[in-house]
1. Taking the Cα-to-Cβ direction at R358 and at H169 and moving 7 Å from each Cα, how far apart do the two end points lie in nm?
2. Taking Rg/Rh (Cα atoms, Kirkwood Rh) as the quantity of interest, determine which of (i) 1.06; (ii) 1.00; (iii) 1.27 was computed from the displayed structure.
3. Using mean Cβ contacts within 10 Å as the protection proxy, how do 290-299, 174-183, 119-128 order, highest first?
4. Could you rank the peptides 35-48, 255-268 by their average count of other C-beta atoms within 10 Å per residue, with the highest value first?
5. Express in nm, to one decimal, how much length is gained between E341 and R102 on full extension, taking 0.36 nm for each residue of separation and deducting their alpha carbon distance.
6. What does the net charge come to around Y239 if you take all other residues with beta carbon closer than 14 Å to its beta carbon, with K and R at +1 and D and E at -1?
7. Label point 7 Å out from S278 along Cα-to-Cβ: which residues of the range 224-264 have amide N under 17 Å?
8. Quick one: 3J(HN,Hα) in Hz for the range 108-120, Karplus 6.51/-1.76/1.60 with θ = phi - 60°, rounded, Gly and Pro as x.
Amino acid sequence: MSDLINYISSGILWLGLLAKIPDLVRQRRDPFLLSISSVLAFASLCFLFGAPRTVGFINSVSGVRNLAAPLTYAAITAYSAASLVLIVHWRGGPDTARTARRWILGYAAVLGGIAAMFALGHTPVERRTDFDTYYATTPYIAELIVLYLVAHLTAVVVTAYRSLSWARHVKGHLRAGLVTLGMGTVLGAGYSVSKIVAVTARWYGHNWSRLGTTLSPACAGLGAALTVAGTVIPLAGPYLTNRARCWRAYARLGPLDRELAELLTRESLRAPRPFWPSPTRWLTWRQTAIYNGLYYLERYFDQGLYRETYIGELHTAGDAHRAEAVAWATAITAATQAASERGKRITAAGESEPLPARPDLPALLCIADALAGCEGVVALRLDEGAAPAESV
């Protein structure tokens, strides 16, 4: 079960990294994008190398007992460094490059220390899940374990402090992402803390290895998931919000689209619906069809009815935007009725003024809302309006 969870988590993170490849190709020198990609890549390696089956595979293929342990610790250390560099580039500032360089060099030294300590140490017995506690008293290996755990704890504490303190000064998706990132790093601290407690207990002759084999992987998994989610929220949030806004606008235009549907079909004014259900494309498709219908209805548009309805609704409700929407809805309904009778036009006697300006999307949404929620008002304004005059 542990293997399956690790592999699924690793696969999800790799999918996220693959989604970033097009951006990496276009902006290969963007430090922020490189930092995000590094976090995804190293987090995925942590899950992959931490799976007991992968541990056994690496050890058997390499011919070096427990080689998977320093590789896993190296991935954890690199992930810690990537998280620190990410928060540094994310916030920015005059010393961003210098601070990021210092963290990278510091953790590169930690990686070198892990490799040196493992080469100097002796680990004859393969341990797939409890390497830390089993070799906690072995010369050089004990130092290796302490080195990577302290490096990881330092990274998560600094990242949590910086992200949560910054979150107090921002709002929206950025704040949500920083809070999620901070919570993830706080939980991630549980990994190194539980390991340190288990190793310390081993120094004093106690066997608390279950802390390192049960609690620490759970903290690491949940912490990594929240950390990665925190980096994605500020990037994906605006995109998803925009798509949701387009879907809502598409749905809100439904009443106006249905009012013009017969005309659009009869006069072949509607283009084929885009095959792929993209909210922006479908919204543009519906909006374009409505504009085609309104352009066709200009010859039937009764400006007198429009003005009378506007004035009456303005006097009743006192809201200019609502009055304009109801006036448009009433005039459009009257025009579609007239257009259905071939050879007739709705005009007001002596009318020569230009039509009202073509409504933009917010105005179209208000007109659609008026058609959806004020059918009685529209019908009343039609009954109260001047009788349409026929023109030859």
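1. 4.6 nm
2. (iii)
3. 174-183, 290-299, 119-128
4. Ranking, from highest mean packing down: 35-48, 255-268.
5. Roughly 78.2 nm would be gained on extension.
6. With Lys, Arg at +1 and Asp, Glu at -1, the neighbours total +2.
7. Under 17 Å, as judged by backbone N against the label point of S278, lie 239-248, 250 of the range 224-264.
8. Whole-Hz 3J(HN,Hα) from phi for the range 108-120: 5, 5, 4, 4, x, x, 4, 5, 5, 5, 5, 5, 7.
The values are calculated or read from the model by the stated rules, or taken from the named source; none is laboratory data. No experiment lies behind these values; they were computed from the predicted model shown. As a convention, Cβ positions derive from the backbone with ideal geometry for all residues, glycine included, and neighbour counts pool all protein chains shown. Side chains are part of the model used for accessible areas, which takes the heavy atoms of the whole protein and leaves out ligands, DNA and RNA. Shrake-Rupley method; radii C 1.70, N 1.55, O 1.52, S 1.80 Å.
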